Amino acid sequence: MRLVITDDYSAMAEWGARYIKKRINDFKPDANRLFVLGLPTGSTPLGTYKKLIEFVKAKQLSFQYVVTFNMDEYVGLPRDHPESYHSFMWNNFFKHIDIDPKNVHILDGNATDLIHECNEYEKAIQQVGGVELFVGGIGPDGHIAFNEPGSSLVSRTRVKTLAQDTIIANARFFGNDIKKVPTSALTVGVGTVMDAKEVLILISGTSKAYALHMAIEEGVNHMWTVSAFQNHPRFLCVCDEDATMELKVKTVRYFKSLMPVHSKLIEDNGAPSLLHTEN
Amino acid sequence: MTLLYRFYNCTLVRDHALIQDDLWIRNGKIINPEKIFFSEKTRADIEYDCQGALIAPGYIDLQINGAFGHDFSSADEASEEMLIKVAKLLTSHGVTAFVPTIVSSLPETYQEVLPIYKRRAGSAKDGATILGIHIEGPFIAENKRGAHRTDFLRKSECGIEDLKTCYGSFENVSIITLAPELPNMVENVIPELVARHDLVVSLGHSTATLDCGERAILAGARFITHLFNAMLPFHHRDPGLVGLLTTHPLPATTIVYYGLIVDTVHTHSAAVRLAHRVHPHGLVLVTDAVPALGFPDGTYHMGAHEIVVNGKRATIAGTETLCGSIASLAECVQYMRQALLDGETNKEIINEKDSTQFVVESIEAATLHPAQVLHIENQKGTLSFGADADFIFLDKSLNILSTFIAGEQAWTVTDQWSIDNLQTKSSQ
C-alpha cells in the first residue's frame, strides 16, 4: 500500500481530489472508453467533492465520460429524503458537475426486490468493464461501506443490517431520534471493492486513528474489513496527521519519507505518473 | 416537444433566503432537477448563463387602479384589450400578476365593468396574470373616503343584499375593501362574503375602532387596505385598525395581512419600519397606483376625477389630497429595502443584514405575502418546485433586468438580458 500523510483535513481532501483528477485526465476517457469511478458518502469525502467541483468549474476536469457507482444506500428511506445517499450525492456533487445522469449508479433502497437490485448492480459494474478507481472512507470500527465487523471479506453487493454503533453514529442526521434511523442498507461487498483496479481510502481525524492502525498494522481480519485491502495490489490511503495517532512512529516516518515519491502522483505536469505500478 | 431549461450562475430568493442554486423550468413550471436527474436521467435541453443576476418570484400587486394612462374604473375604457395592454406594460415593473382595482363607483359602472375583467393566466404574449378584481368601496366611511367620491358611497342597511344590488355579481372579484363599522358588516356581510363568495375581505377607508376591527377579523376579514391611510391614526388608548398588527384575541394561526404603500409619499419610512418590526410576516407592498403610473408629470383621468402628477406625488386636481401612488411595485420594493437599511444603526452588520434579511423581506412583501393573501402561495409568489414559472431578474440594486411569465421571457431592459444572448447550450 501507499500511505500519504497530509497535515490536516483540507490538505487530505485536496490531495485526494488532485489524485482523482489526475487519474481521470491521464486515462483520457472518451465515448468508447469510460472511466469507472466508485464513490463514497459521509463527511470525510465532502472536502474532496468540493475540490473536484472547483476543478470542473475551472475546466480542468470533466465528468462527461465518467461512470460512477456509489457504495451504498439506506433501505426504506424515500429517495428525496434529505438524508438519503441520493440526496447527498446530488446536493454535494452531481448537481455541480457535468456528469451524464445515465452514467450515475446508486443502489435503490426502495426496490421491491432488494436482492435482485443488488445482483443487477454487480452486473452493471461488470458490464462497464469493472471499476477503475474505487474511492472510500473508513468507519471508526474499520468498516468499508456498510461492511460491518464480521462481514465476509469476499462479500458481494447485498443487504446488510446496520450495527448498533453505526445507527447511533447516524442518529445525529435524523434529529437525534434513534427510531428514525434506517436499520438496514444495501452495500457493495468487500469483494466488490477488491475487484477494482485501484482502491483509494480517505481517512481523517482522531476518531479514525485506531481503525487505521487495525487496518494497516495488524492482520487481515473480518472485524476490521478495510484490512482486506492489504491483499490488493494497488491500495492508496490518504490521511491527515490526526488519523496517524495510533500508528507506530516507524510506520509514520517511513511513509512520510516517501512523500517526494507520492507527490508525483498528483503532479499537474500533463504527463501520466510513472508510478502507476503495484505498491 | 417540451423542453427542459436550466438557468444557472444566479442567486435565487427561495425558502426565505438568498441561495446559490440553479432554476429549472419545464412546461411553464419550476421543477425539481434532482428528480429529473435520478428518474429521467436527462440533462437540460437549453441552458442560460444568468450573469450572476438575482432571481426572484415575479411581483404581485393587489391594489392598482390603472397604469400607463388607463383607468380600470372607467366604463368607457373597460375592455379585455385594455386590460391585456396594461398587463403587458406592467411586466416592465417586474409585475407578473395583479388585481385590477375599481374605486367607489355607481352600480351601473360595476355592472358594466366587473364582467369584463376576467381572471386570465399570464403569458409572454398577454402579459401579467389577472388574479381577479379588487373592489375598493363604495361601502366605506365618508370621513375616510380619501379620493373616493362622496356621492358614490353607500351603506349596508340591508346587509349583503345591498352589496349584491350594487355590484351585480362577485364572480370575477377576489378582494373587497369595506368599512366594518357600517351596518351589518360584521354580523352578516363579511361572513357571507368569505364563506359564500370566497372573497378576501379587506378593512379600509374606515373609522373603525380596534374592537370593531377584531370582530371583523374574527368574522373572516384577513387584509387591511393601505395601512395608516384612510383610517384612524394609532392612538395609545385607542389603537384603531392599526392595532390589529399586535392584537391578541385572534387565534395564533390567523395572520392579518396589511397593504402598505411604500412610495416615500404615503408612508413615512419610520412608519414602514414600525409596522415591519411589529408584524413582518403580514406586510404586503401594494402600489395603489393611479392611471398615471408609468407616465411623466401631467394631468390624467381616474374614476370620475382629474388627477395631477407632479414628481412623486399624485393629487386630486385643485386639492392636496393624495389619490394613490405613481411608484411602480419594483420601486416600492427598493424603497422598503432602503427603509430597512436606514433603520439599521449597527454599521458593522448592516451588509450582512441587508443580504440575509432586508433584500429577502422586501421581495417577499411583493411576492410571497400577496400570494398568501389570495391563498395561492403554492403557485405564485414563490420559486418552490411546482410553482408557476413567473420570475424576474434583478440587479444588486433591485432594478428589474428581465421578466418571465410561465417560463417565457416577457420583457427585458436591454438586449444584453435577452435569452438569445444568455443561452450557452441548445437542444442536442
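Please count how many residues of the range B:235-266 are among the β-branched types (Val, Ile, Thr) and touching a residue at least 40 places away in the same chain (Cβ under 8 Å).
Within the range B:235-266, residues that are among the β-branched types (Val, Ile, Thr) and touching a residue at least 40 places away in the same chain (Cβ under 8 Å) number 5.
Is it the case, given these coordinates, that residue B:60 is buried (at least 24 other Cβ atoms within 10 Å of the Cβ) and assigned to a loop (DSSP other than H, G, I, E, B)?
So residue B:60 does not fit the description; no.
Tell me, yes or no, whether the range A:108-122 has at least one residue that is away from chain B (no Cβ under 12 Å), within 16 Å of the chain's Cα centre (by Cα) and in a helix (DSSP H, G or I).
Looking for residues that are away from chain B (no Cβ under 12 Å), within 16 Å of the chain's Cα centre (by Cα) and in a helix (DSSP H, G or I), one finds none in the range A:108-122, hence no.
Test of understanding: among B:139, B:152, B:170, which residue is closer than 13 Å to residue B:207 by Cα and in the same structural domain as residue B:121 (by the TED database)?
Only one candidate qualifies: B:139.
Run residue A:140 past the list (1) within 14 Å of chain B (Cβ to nearest Cβ); (2) part of a loop (DSSP other than H, G, I, E, B) and report the number of the one that doesn't hold.
(1)
Is there any pair with a first residue in the range B:279-292 that is part of a helix (DSSP H, G or I) and a second that is among the aliphatic types (A, V, I, L, M) and surrounded by fewer than 24 Cβ atoms within 10 Å (Cβ to Cβ) whose Cβ atoms are under 8 Å apart and which are 6 or more apart or on different chains, and what are they?
Final answer for the pair search is B:281/B:255; B:282/B:245; B:282/B:255; B:282/B:256.
Working carefully through the options A:266, A:203, find the one that is within 23 Å of residue A:49 (Cα to Cα) and at pLDDT 95 or above.
Going through A:266, A:203 in turn, just one is within 23 Å of residue A:49 (Cα to Cα) and at pLDDT 95 or above: A:203.
May I ask you to say which residue of A:103, A:70 is in contact with a His (Cβ under 9 Å, 6 or more places away or on another chain), among the polar types (S, T, N, Q) and within 12 Å of chain B (Cβ to nearest Cβ)?
Unique residue meeting the criteria: A:70.
Counting residues that are under 24 Å from residue A:74 (Cα atoms), which strands (runs of 3 or more DSSP E) fully inside the range A:158-257 reach at least 3?
A:158-161, A:184-187, A:198-203
Among what's in the range B:63-84 and is without any contact (Cβ under 8 Å) to a residue 40 or more places away in the chain and either of a type outside the set (Asp, Glu) or within 14 Å of chain A (Cβ to nearest Cβ) (or both), pick the residue that is farthest from residue B:5 (Cα to Cα).
B:75
So which helices (runs of 4 or more DSSP H) stay within the range B:337-428 end to end and still have 1 or more residues that are surrounded by 20 or more Cβ atoms within 10 Å (Cβ to Cβ)?
Output list reads B:359-364, B:368-373, B:419-422.
Could you tell me which residue of the range B:29-62 is farthest from the other protein chains (Cβ to nearest Cβ), considering only residues that are hydroxyl-bearing (Ser, Thr, Tyr) and within 30 Å of residue A:106 (Cα to Cα)?
The qualifying residue farthest from the other protein chains (Cβ to nearest Cβ) is B:48.
Any residue in the range B:34-49 that is surrounded by fewer than 16 Cβ atoms within 10 Å (Cβ to Cβ), among the basic types (Lys, Arg), free of Cβ contacts under 8 Å to residues at least 60 places away in the same chain and in a loop (DSSP other than H, G, I, E, B)?
Checked the range B:34-49: at least one residue is surrounded by fewer than 16 Cβ atoms within 10 Å (Cβ to Cβ), among the basic types (Lys, Arg), free of Cβ contacts under 8 Å to residues at least 60 places away in the same chain and in a loop (DSSP other than H, G, I, E, B).
I need a count of the residues in the range A:33-58 that are over 21 Å from residue A:196 (Cβ atoms) and in a loop (DSSP other than H, G, I, E, B).
2
Take residue A:61 and decide whether it is crowded, with 21+ Cβ neighbours inside 10 Å, assigned to a loop (DSSP other than H, G, I, E, B) and within 14 Å of chain B (Cβ to nearest Cβ).
no
Tell me, please, whether a residue that is surrounded by fewer than 21 Cβ atoms within 10 Å (Cβ to Cβ) and at positive phi can be found in the range A:20-31.
Yes, the range A:20-31 contains a residue that is surrounded by fewer than 21 Cβ atoms within 10 Å (Cβ to Cβ) and at positive phi.
The values are calculated or read from the model by the stated rules, or taken from the named source; none is laboratory data. Given the structure is predicted, the values throughout are model-derived calculations rather than measurements. All Cβ positions, even for glycine, are placed from backbone atoms using ideal geometry, and neighbour counts span all protein chains on display.
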